[in-house]
1. Indicate the helices, whole DSSP H runs only, in chain C that combine a mean Kyte-Doolittle hydropathy of 0.5 or more with a Cα extent along their long axis of 15 angstrom or more.
2. Using alpha carbons only, how many angstrom separate the centre of the stretch A:28-69 from the centre of the stretch A:164-196?
3. Out of C:Gln259, C:Asn211, C:Tyr274, whose Cα points farthest toward the positive end of the dipole of chain C (charges: +1 Lys, Arg; -1 Asp, Glu; placed on Cβ)?
4. In debye, nearest 20, what is the charge dipole magnitude of chain C about its Cα centre with +1 on Lys and Arg Cβ and -1 on Asp and Glu Cβ, if you could check?
5. Could you tell me the largest-minus-smallest coordinate of the C-alpha atoms of the stretch C:114-281 on each of the three principal axes, in descending order and whole angstroms?
6. For the protein assembly as shown, what is the charge dipole size about the Cα centre, in debye to the nearest 20, if Lys and Arg each add +1 at the Cβ and Asp and Glu each add -1 at the Cβ?
7. Putting +1 on Lys and Arg Cβ atoms and -1 on Asp and Glu Cβ atoms, find which of B:Pro87, C:Gly63, A:Ser80 reaches farthest to the positive end of the dipole of the protein assembly as shown.
8. Can you give the extra length, in nm with one decimal, that the chain gains between A:Asp108 and A:Arg175 once fully stretched, where that is 0.36 nm per residue apart less the Cα-Cα distance?
Amino acid sequence: MDRQERFLETDRLQTLIDVLTDAGYQVVGPTIEQEAIIYDEITSVDDLPRGWTETQEPGQYRLQQRDDEAYFGYTVGPHSWKQFLFPPVATVATAERTDSGWEMRTPDEPPPQYAFLGVRACEIAAIEVQDRTFLHGPYVDPIYRDRRDRALIIAVNCTQAASTCFCTSMNTGPRCRSGFDLALTETADGFVVEAGSDAGGRILEQLPTREPEATDLTAAETARQQAVDQITRRMDTTDIRNLLLDNLQHPRWDEVATRCLSCTNCTMVCPTCFCSSVKEVSDLKGDEITRERQWDSCFNFDFSYMNGGVVRNDIRSRYRQWLTHKLASWHDQFDVSGCVGCGRCISWCPVGIDLTEEVAAIRADAHQPEEQP
Amino acid sequence: MAQPDVMQRLREIPFSARLPEKALTDLAAIAEIRSVPGGARLFREGEPHCCIYLLISGSIVLEMHVPGRGKVQILTIGPGDVLGWSPVVSDTVMTATATTLEDTELIEIQAGALLQLCESDREVGYFLMQQMAAALSRRLVATRLQLLDLFAETTPQQPSPL
Amino acid sequence: MNPASCGTPAANPWLAFPVQITGITDETPGVSTYELQLTDAEVARNYRFQPGQFNMLYLPGVGEAAISLSGQSESGDRLRHTVRLAGNVTHSLAGLGVGGRFGLRGPFGTPWPMEECRGRDVVAVAGGLGLAPLRPAIDAILNAPDEYGQLTILYGARTPEHLLFEQVYPDWRQNGAVVNVTVDRSLPGWQGHVGVVPLLVDRMQLPDPENTVFLICGPDVMMKYTVSSALNRGVPAERIWINMERNMNCAVGLCGHCQYGPEFICKDGPVLRYDRVQPMLRVEDL
Ligand SMILES: Cc1cc2nc3c(=O)[nH]c(=O)nc-3n(C[C@H](O)[C@H](O)[C@H](O)COP(=O)(O)OP(=O)(O)OC[C@H]3O[C@@H](n4cnc5c(N)ncnc54)[C@H](O)[C@@H]3O)c2cc1C
Ligand code: SF4
Ligand code: SF4
C-alpha cells in the first residue's frame, strides 16, 4: 500500500507531543535515566535523548554522545512497551470482607490512554506477539486488553542498528511495515511521517507538516538503509522448532548451564515474555485484599513447584525451558516465534550469553531424528 | 503323558503363547493343570520346592515373614503371571510363602524336568529362559514402582502463622 | 477449549464467585471432600462443568489452589471437591468448617473425552487422589449404561487406609462396573490385592483393545507405566488419555507456570491425549 507521506521539520516535533496531549493521550517515550535510555512519561522534546546513542555487546550497554542532534539515534534499551501494556505489577482482583462473607471484584476504573512515541519495528512485532497471548486465546486478559485497545503507536524507523540486533533474521524489521498509527523516519532536517491508521491520520492532519521534497525522501531511504547495513548478527531459523525439540538432550544445555546465573534478566527485558504470578496483598486486619499480578520468570527456582517438588530443578532445564519456549514451543502455542530479534537478552545478560550463539552451537552438532518411514 | 488341554492352556498364557510348537509339546509333557481351592498353601518361605507355576485363573498372595511385624503381604499374583521361579533360577529355598486367595487354576511344571529340558534342547531352553527373563524384568519394574511409594504425600506442612 | 463451551460465566477470568461450604466428608488421612454452594443464584444457575475439569479455589488473603471437581450433589447445585492437605490454601480451607465462605473461579481445563467413550469399553485407571477427577466421568458412564460399553475401574492406593471413596465401590459394582483395587503396602487384615496399578492392566480382561478408551489419572510415573502396559495390550495411543498436574497460577493460559513443552496444562490440559504428550514424557524436568 502506498501511504501518503508528509514532512515535519525538526523544530516542530514538540507539536506532536502537544497534539497527542490535547487529544487526551499520556505520552510515553524514550528518556535517559540511570545511564540508559528507558521509556517513561514525557511532556516535552527536552525529555528525549537528543544527541545520544549507545553501544551494545553481549553483557554490555553503554550510552554515548552522538556527533549530531538526532532525537531517535539509539536502538533499544532495557525497557520495552510491555511495561505499559502488561504492567510489572497490576491488581487483577480485590476481595473485601463483609457481614456475609467476601465481596469479590475485578478493577473497573479505566486505565491510562497511552501514546507510545518511538516504537521500533521489532517492538511492534513484540506487541503483536503479546496480542496473541493476551487477546487471541480462549481467555482474554482484561488488563492488557483495556490498555492495548486505547494505545496509540507512533513508530520510528531505525536508522542505525546495535551489534546485538538481529531483526532481519527474525523478519521483524528494521522497517516498520504495519501495526502503527504513525511512523516517523528521522533525517538531518526533520521527519518523514506516514499514517498507518485512521487514528494516526487524524493526528497527522493536526501537525504543521509540509509536502516532502524528493531529497527528504531520499535522505529517509538512505537513513533506513544504514540500519539494514549495520545488522551483522544472524540467527539461522531454518526448521528451528524441530532442531531444538529434537535436541533436548544436547550437551550444549549442560555447557550453557555452567555460565547461566539463572538471574531472570533475560525474561525481564524480553518484550514478549509474559510469565507472572499473583500474590495476595492484605491490609493489617486481613479484611481488604488485593490480588497483585507481578512479572515472574521461568528462571525462578520455585516457578514450577508443585506438590512433591520443583519440576525444573536445575539451571540446565530452566535455560532449556526459556530457549525452547522462545524459539520452538511458541510456534505451537501462538503460531509465531517468541523472539523478535531485539537483542535485549544478549546485552542485559550479566555473563553475555547470546541466544544466537547457543542456537548455532546446537545446530552445528545436532542430533538428527530418525527418518520417518 | 500330557493332559489333553495343557497344550491349549499353554497357548493361551502370554508366557508360553509364542513358543514354537516343538517347545510347547515338550513343555506340555512336564506340565500339569491343577485346581486349588482358596486358602491353600502352595509353598513356604525358607523351604525348598519342586515346581514353578503359571496362573490360569484366580489369585495368589505372596507373603514374607518380617521379625516384629509378622507376615507381610508383598504382592498379589494374578492370571498370566509366573510364580515360584526360585527352583529354576537357583537351587535355593523359596523366598516367600504363596497362598491361594480363591479357587485357583494353575499350570504346575516340574522344575528339575524343566531344567533338564532346557539343557537337552538349548533352543527350547533359550525360548523359555527368554520368557523367564521378561517376566522377571516386569516384576522388577513393578517392585521398583512399589518402592517409590508414589502416592506418599510430601509431609503436610503447617503453613507459617505469619 | 472454548470457555463458552465449558460454561465459564465470567467475562473476566480473574473474577471469583462467592461460595459457601455446605458439607465436609472426611475421606482418608489428610483428605476431605468439600461440598460447595455458589451463593450468587444467577452464577449458580449458569454454572456447568464437564468431568475432568477443575476450579481455582480462592481463599482471600491466602491464595488459590487448583482442585478438580469430584462430583456434584443430586440436585446439581452443589459442587464437590476432594482435597488433600498440601500447603497454604488447603490447610486454610481445612480450618474453615461448614458454613465457611470463600471464592471460586472456573471451571477450567479440558474434560475427559466422554464423546470418545460413547459406545466403547472404558478403563478408568487411578492412583491415589487421582480417583477424584475421574469420579464425575465414572458417574456419567454409570448413569447412562446403555451409551457406553463395559466400564472397568482399576485403582491403586498407598495402603488400604488410603482407598478413596471406598464406600461407593459396591454401588459401582452393582451398576455394572468391574472394580479392581490394589494397594502398594498391605496392612494386617487386608484381603485384597497387593501390587502396583499397571499390573492390573497387564492382567485385566481386554476383549477389544483397539476399541477401548483408557482414562488415567495419578502421579506422572504411575501414568507412564500404566500407559506402557495399555500399549502392550494393544490399546492405540490415541485412545489413551492422561490427566497431568503442574504448578498452576492463573488457570487461563496467561501466566506461563503450567507449561509442559508446548502445552499449557491449564487450558490445553489437564486432560491430554497420550500421543500428543508422548514425545515429552521421556524427557526429565521439562
Ligand atoms: C489441574 C489440577 C487439578 C488438581 N486437582 C486436585 C484435587 O482434586 N485435589 C487436591 O487435593 N489437589 C489437586 N491438585 C493439586 C493442588 O492444586 C496442589 O496441591 C496445590 O498446590 C494445593 O495448594 P496449597 O496452597 O494448599 O499448597 P501450596 O502452598 O501450593 O503447597 C503445595 C506443595 O508445594 C510446596 N511448596 C509451597 N511453596 C513452595 C515453594 N515456593 N517452593 C517449593 N515448594 C513449595 C508445599 O510444601 C507443598 O508440598 C490439582 C492440581 C492441578 C494442577
Ligand atoms: S521464556 Fe520463560 S518467562 Fe519467558 S514466556 Fe517462556 S516460560 Fe515465561
Ligand atoms: S529472546 Fe532476546 S532477542 Fe528475542 S525478543 Fe526476547 S529479548 Fe529480544
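1. C:131-143
2. The stretch A:28-69 and the stretch A:164-196 have Cα centres spaced 18 Å from each other.
3. Checked the options; the winner is C:Gln259.
4. The calculated dipole for chain C is roughly 280 debye.
5. 47, 37, 30
6. Around 1880 debye, computed over the protein assembly as shown.
7. B:Pro87
8. 20.4 nm
Values in this text are rule-based calculations from the coordinates and carry no lab data. Small disclaimer: the values here were computed from a predicted structure and weren't measured. Every residue, glycine as well, gets a Cβ built from its backbone with ideal geometry; the counts of neighbours run over all protein chains shown.
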